[in-house]
Structures are given as C-alpha cells and as structure tokens.
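Chemist: I have a structure I would like to understand better, so I am pasting it below and will then ask my questions one at a time.
The values are calculated or read from the model by the stated rules, or taken from the named source; none is laboratory data. The structure displayed is predicted, hence computed values, not measured ones. Positions of Cβ are generated from backbone atoms using ideal geometry, with glycine treated the same way; all protein chains shown enter the neighbour counts. Note: accessible area is taken over every heavy atom of the protein model, side chains too, but ligands, DNA and RNA are not part of it. Shrake-Rupley method; radii C 1.70, N 1.55, O 1.52, S 1.80 Å.
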Amino acid sequence: MGLLECCARCLVGAPFASLVATGLCFFGVALFCGCGHEALTGTEKLIETYFSKNYQDYEYLINVIHAFQYVIYGTASFFFLYGALLLAEGFYTTGAVRQIFGDYKTTICGKGLSATVTGGQKGRGSRGQHQAQSLERVCHCLGKWLGHPDKFVGITYALTVVWLLVFACSAVPVYIYFNTWTTCQSIAFPSKTSASIGSLCADARMYGVLPWNAFPGKVCGSNLLSICKTAEFQMTFHLFIAAFVGAAATLVSLLTFMIAATYNFAVLKLMGRGTKF
C-alpha cells in the first residue's frame, strides 16, 4: 500500500496540462524543425534544377535558406530546454497551489517550494532529520527560481506572439506549393479549365523567390506537369505541410502553458497570504 499510496499522491500532484503541453511542444518543434529543414533543402534543389540556370540568380536564396536552417537548429535546442523548464515550473507551482487547497500532502521539495511561494515558516527538525532538511533547503533555493509563474507567463506570452508570426510564415510555402500543385492539376485535366495548357505556369519570380531578371524563372505547360510528378516535388510539398502542422502544435502547446501558468500565478497571488512575486 505504501508504494501505491506514493504513486497516487504523485498522480494527484502531477500538472497534467503542463505534461500534455510539454509532449505537444516537443512533438511540434521536432516536426517543424525536422521537416522544415528537409523541405528547405528540397526547395533549393528544385529552384536550381528547374527555375534558374545562373547561380547568381539564386545565390541570395541559398544563403537565406542556409541561414534559416541554422535558425532551426537553435530553435529546436531552445524549445526543448524551455519546455523542460516550463514542465518543472508546472510541477512546482501546481504542488504549491494544491497544498493551498489541501488536495494532497506535500513532499520535502513541495514543502521547500511552499515556503518560497506562500511565505510559510520553516520548522526545525532533530539531528536525525538533518539530511532531509538539507534537501529541503536545496529545494527551497530551487523554488526561488522556479516559483515565479508571473515571469514564466510574461516570457511565454512574448514567445507565443513571436511563434504566431512563425506559424503565419510557415503557411507561405504551403500556399506557394499548393498553387503550383493546383496549376499542375489544371494541366493534367485540361477539360476543367478554359485556359490553354501553354499559358499555365509556375513563376518563382512572382513570389519573390527569384529576381525578375532570372532565367527562365518560370516553367509552363507539360514541363511543369513533369516537375509536379517528381518524387522530389511531392516530398517537399508534404514536408512543408508537416512543418506547418508542427508549428500549429507548438502554438497550441504555448497557449496551454500560458493558461496553466496564469492560473497558478492567480491562485498563488490571491491566496498566497500576501506573497510578493
């Protein structure tokens, strides 16, 4: 019963919203960064193979793609670290909130954080409890850093706004590839359109991918259809879609983190016995 009771207390004290948000964040970031990196590589190959014969025309594009790929490496590292910090903050502040409501008996670390965020007094134990008190002091110091949901709310709010822009930008390549795919469908089934096949083109210059003096810059008719049928085009298109889904999942996880941290902050602020954050 001791082990079962301990597991039950851990489950009661677990911040399920933070756990779900952390899993969703890790999944979304991994999907966005991994698929986005490969999709950019595929786009580079498509441009230099079919849309331009002069390296100077797409040299700037390649530099931008490589810069974005390096940014992706940093984004993945940052989000995995920040997601772990948010999960730790969720465990600590959820324990403090549930101690206030008396939902479960806290552990040594829970007591250490409680003394930090609720202004409680630390009791003095006997010599036999010296090791436990040392661990409690360590947790108390850790709680001083993690037990500030207001700071996490502010950082997460700013990060959510930034990621909202990333989410919007991730929709742009999906839109471009979808338009190209739609044009290919019109070429493959000419009966569904009144335009001639030769006038149906995909122009990379129109989207700002290439300069206007790039040659040829666009591909039309049956040549465009043959590009759309390549595995490289299909794979790149689907990778951008997966990256877009990953960005959406990450945005949902950030919103979940922000809501959970805001709730914990509000409870600790209103019921924390005059706690100063």
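Chemist: Mind counting the residues in the stretch 36-59 that are in contact (Cβ under 8 Å) with a residue 60 or more places away in the chain and either of a type outside the set (Phe, Trp, Tyr) or surrounded by fewer than 17 Cβ atoms within 10 Å (Cβ to Cβ) (or both)? Talk me through it step by step, then tell me what you get.
Modeler: To start, the set of residues in the stretch 36-59 that are in contact (Cβ under 8 Å) with a residue 60 or more places away in the chain comprises 36, 38-39, 42-43, 45-47, 50-54, 57-58.
Keeping just the survivors that are either of a type outside the set (Phe, Trp, Tyr) or surrounded by fewer than 17 Cβ atoms within 10 Å (Cβ to Cβ) (or both) gives 36, 38-39, 42-43, 45-47, 52-54, 57.
Number satisfying all stated conditions: 12.
Chemist: Looking for something of a type in the set (Val, Ile, Thr) and open to solvent by less than 30 Å² (accessible area, probe 1.4 Å) - is there at least one such residue anywhere in the stretch 241-249? It would help to see each step written out before you state the result.
Modeler: Going through the stretch 241-249, the residues of a type in the set (Val, Ile, Thr) turn out to be 241, 245.
Now drop any that are not open to solvent by less than 30 Å² (accessible area, probe 1.4 Å), which leaves none.
There is no residue in the stretch 241-249 that is of a type in the set (Val, Ile, Thr) and open to solvent by less than 30 Å² (accessible area, probe 1.4 Å).
Conditions tested, residue by residue: (1) open to solvent by 40 Å² or more (accessible area, probe 1.4 Å); (2) within 21 Å of LYS45 (Cβ to Cβ); (3) at pLDDT 95 or above.
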residue	(1), (2), (3)
ALA168	yes, no, yes
PRO190	yes, no, no
TYR207	yes, yes, no
LEU210	no, yes, no
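Chemist: Still on this structure, please answer the following. Regarding SER196, is this residue over 23 Å from TYR58 (Cβ atoms), surrounded by fewer than 18 Cβ atoms within 10 Å (Cβ to Cβ) and modelled with pLDDT under 85?
Modeler: On the way: over 23 Å from TYR58 (Cβ atoms): yes; surrounded by fewer than 18 Cβ atoms within 10 Å (Cβ to Cβ): yes; modelled with pLDDT under 85: yes.
Yes, satisfied.
Chemist: Let me ask another. Among the numbered conditions (1) open to solvent by less than 20 Å² (accessible area, probe 1.4 Å); (2) part of a helix (DSSP H, G or I), tell me where VAL219 comes up short.
Modeler: Here VAL219 clears every test but (2).
Chemist: State all residues of the stretch 16-35 that are among the aromatic types (Phe, Trp, Tyr), surrounded by fewer than 21 Cβ atoms within 10 Å (Cβ to Cβ) and within 21 Å of LEU164 (Cβ to Cβ); if no residue qualifies, say none. Explain how you work it out, then say what you get.
Modeler: Let us first name the residues in the stretch 16-35 that are among the aromatic types (Phe, Trp, Tyr), namely 16, 26-27, 32.
Remaining after also requiring surrounded by fewer than 21 Cβ atoms within 10 Å (Cβ to Cβ): 16, 26-27.
Correct list: PHE26, PHE27.
Chemist: Looking for something modelled with pLDDT of 55 or more, within 30 Å of GLY36 (Cβ to Cβ) and part of a helix (DSSP H, G or I) - is there at least one such residue anywhere in the stretch 95-111?
Modeler: No: zero hits.
Chemist: Moving on to the next point. Quick one: what pairs do we get from the stretch 65-81, first residue over 24 Å from ILE47 (Cβ atoms), second buried (at least 17 other Cβ atoms within 10 Å of the Cβ), C-beta under 6 Å, 6+ apart or different chains?
Modeler: Listed pairs, sorted by first residue: ALA76/VAL29; ALA76/CYS33; PHE79/VAL29.
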